[in-house]
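Peer 1: What follows is a single structure, and I will ask about it in a moment.
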Amino acid sequence: MPSITAVLHTENDALRLGRALETLYPCDDIVVIDHGSRDDTVRIARQYGAQVIVALPGYATQEYVQIANFAEWILTLDPCESLTENLAASLFEWKSASLRPFSSRSAFSVFLREETPHGWLEVPAVQTRLVPHNWKSWKARHPVHDASALTLEGELLRFVFP
């Protein structure tokens, strides 16, 4: 069964981090890369069992993957994002034998919905967020979009308000 490490970059995200971490139950490990938080972000991350790495200047996610012991697959999200139940179920299905033929794919994408003052807005383009640990194409904190990536069912929810 493939294993997944969830990776989040944080900086003073104590008000929203718990909501994100609560939804990561399909993941085998959680890594929080903290960029100098001065609030309770690190304490909250550790309460949820996350491994906390102190951010190094100029490092992108790819460098952390090379120096840390991450799982076979990496799921990236922001601390203001949460998995829907459908996306969590898709990840469990993907990890199971029923979707084993897809585990050899190069990457997987997800849909994103964003909170606005007027309700939820669906972001039109899918985003590649689940990649193998040896993925080489990164843009800062997330993988570069792979147009050939299979899209998982469910969405990431991006909360704008704490």
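The values are calculated or read from the model by the stated rules, or taken from the named source; none is laboratory data. From a predicted model like this one, the values you see are computed outputs, not experimental measurements. Cβ coordinates were reconstructed from backbone atoms using ideal geometry, including for glycine residues, and neighbour counts include every protein chain displayed. We work out accessible area using only protein heavy atoms, side chains counted, and drop any ligands, DNA or RNA first. Shrake-Rupley method; radii C 1.70, N 1.55, O 1.52, S 1.80 Å.
Peer 1: With 66, 51 as the choices, which residue is open to solvent by 80 Å² or more (accessible area, probe 1.4 Å), without any contact (Cβ under 8 Å) to a residue 24 or more places away in the chain and closer than 25 Å to residue 148 by Cα?
Peer 2: 66
Peer 1: Find the residue count for region 121-141, including only residues that are in a strand (DSSP E or B) and either on the phi > 0 side of the Ramachandran plot or aromatic (Phe, Trp, Tyr) (or both).
Peer 2: From region 121-141, those in a strand (DSSP E or B) are 121-132, 138-139; that's our starting set.
Still in the list and also either on the phi > 0 side of the Ramachandran plot or aromatic (Phe, Trp, Tyr) (or both): 138.
Residues that pass the stated criteria total 1.
Peer 1: Answer yes or no as to whether residue 71 is surrounded by 12 or more Cβ atoms within 10 Å (Cβ to Cβ), touching a residue at least 24 places away in the same chain (Cβ under 8 Å), within 20 Å of residue 10 (Cβ to Cβ) and over 14 Å from the mean Cα position of the chain (by Cα).
Peer 2: no
Peer 1: While we're looking at this one, here's another question. Sort out which residues of region 1-48 are touching a Pro at 6+ places or on another chain (Cβ under 7 Å), buried (at least 19 other Cβ atoms within 10 Å of the Cβ) and not small (Gly, Ala, Ser), and write them in order of number.
Peer 2: If we filter region 1-48 for residues that are touching a Pro at 6+ places or on another chain (Cβ under 7 Å), which is where we start, we get 4, 8, 10, 13, 15-17, 20.
Restricting the remaining residues to those that are buried (at least 19 other Cβ atoms within 10 Å of the Cβ) gives 4, 8, 10, 13, 16-17, 20.
Within region 1-48, 4, 8, 10, 13, 16, 17 meet the criteria.
Peer 1: Kindly provide the set of residues from region 94-115 that are at pLDDT below 90 and either over 18 Å from the mean Cα position of the chain (by Cα) or within 27 Å of residue 161 (Cα to Cα) (or both), ordered by number.
Peer 2: The answer is 96, 97, 98, 99, 100, 101, 102, 104.
Peer 1: Count, please, the residues in region 138-159 that happen to be among the basic types (Lys, Arg) and either in contact with an Asp or Glu (Cβ under 9 Å, 6 or more places away or on another chain) or buried (at least 17 other Cβ atoms within 10 Å of the Cβ) (or both).
Peer 2: 2
Peer 1: With respect to residue 90, is the statement that it is in contact (Cβ under 8 Å) with a residue 12 or more places away in the chain, part of a helix (DSSP H, G or I), hydroxyl-bearing (Ser, Thr, Tyr) and open to solvent by 10 Å² or more (accessible area, probe 1.4 Å) true?
Peer 2: Criteria met by residue 90.
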